[in-house]
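Worksheet: the structure to be examined is printed underneath.
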Ligand code: GRF
């Protein structure tokens, strides 16, 4: 399974994917390309260190959003990508890509969807909302990407305890370490090995 990992920031989820493939925990998958909208994203550096093609495709470089969207689609198709993985990617995925890659785009969201998700819930905002609500359990979700924001079929989830005194940063880190970096590789391995099935919007994993 040839992956395109789309990133915007530090790339710790990308690193978890790279490490899990290199260690053999994830099989039948390879990272074909890492694409970021941010040329300074450290995630691109992580890719280069592992000899993985790392490109910046930014909306700022195009005269219109449509032109950017088409350039992204063209790139993904010519690269022969099988699965698109959004790992901290902050750009909206356009309809033309969602159509062409129906149920072949996954995203990691740092909460137990449907809690604390949707537009506006990115980065620390997710964890600030969870702490403000006083939830005792949060976690992360890997889901297929559809036209909405965090609305696609849920593939896997992992719960993480909220501890008294947690700050948004501390909770974010615990969710990344205990949930995101575990779930994303696990979901990729399940898809790469044909263990993920979807019927009427409900996913089952063998
Ligand atoms: C993390 O906060 C994660 O919860 C979310 O976006 C951020 C990505 O972090 N998906 P990184 O770039 O993978 O380190």
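Read-outs throughout are calculated quantities, based only on the coordinates presented, and are distinct from any laboratory measurement. Just so we're clear, the structure is a prediction, and the values are computed from it rather than from any experiment. A quick note on method: Cβ atoms are made from the backbone with ideal geometry, for glycine too, and the neighbour counts reach across all protein chains shown.
Computed quantities for the displayed model
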{"item": "Shape call, segment 1-121: gyration tensor on alpha carbons, a/c limit 1.5", "result": "rounded"}
{"item": "Relative exposure of 97, 106, judged by other C-beta atoms within 10 Å (fewest first)", "result": "97, 106"}
{"item": "Residue of 70, 157, 172 that the Gaussian network model of the chain assigns the largest fluctuation, springs spanning Cα pairs under 10 Å", "result": "70"}
{"item": "In degrees, nearest ten, helix 181-192 long axis to first principal axis of the chain (Cα)", "result": "50"}
{"item": "FRET efficiency for residue 159 and residue 58, using Cβ-Cβ distance with R0 set to 30 Å, rounded to 0.05", "result": "0.25"}
{"item": "Inter-label distance, nm, simple model (7 Å from Cα along the C-beta direction), residue 74/residue 119", "result": "2.9"}
{"item": "Acute angle (nearest 10 degrees) that the helix 65-78 long axis makes with the longest principal axis of the chain, alpha-carbon atoms", "result": "80"}
{"item": "Fewest-first sequence of 127, 50 by Cβ atoms within 10 Å of each Cβ", "result": "50, 127"}
{"item": "Sites residue 50 and residue 27 - FRET efficiency at Förster radius 25 Å, r taken between beta-carbons, to 0.05", "result": "0.90"}
{"item": "Least to most buried among 96, 175 (fewest other Cβ within 10 Å first)", "result": "96, 175"}
{"item": "Computed P(r) (all Cα pairs; the chain; 5 Å bins; percent)", "result": "1, 8, 16, 20, 21, 17, 11, 5, 1, 0"}
{"item": "Acute angle (nearest 10 degrees) that the helix 124-133 long axis makes with the longest principal axis of the chain, alpha-carbon atoms", "result": "20"}
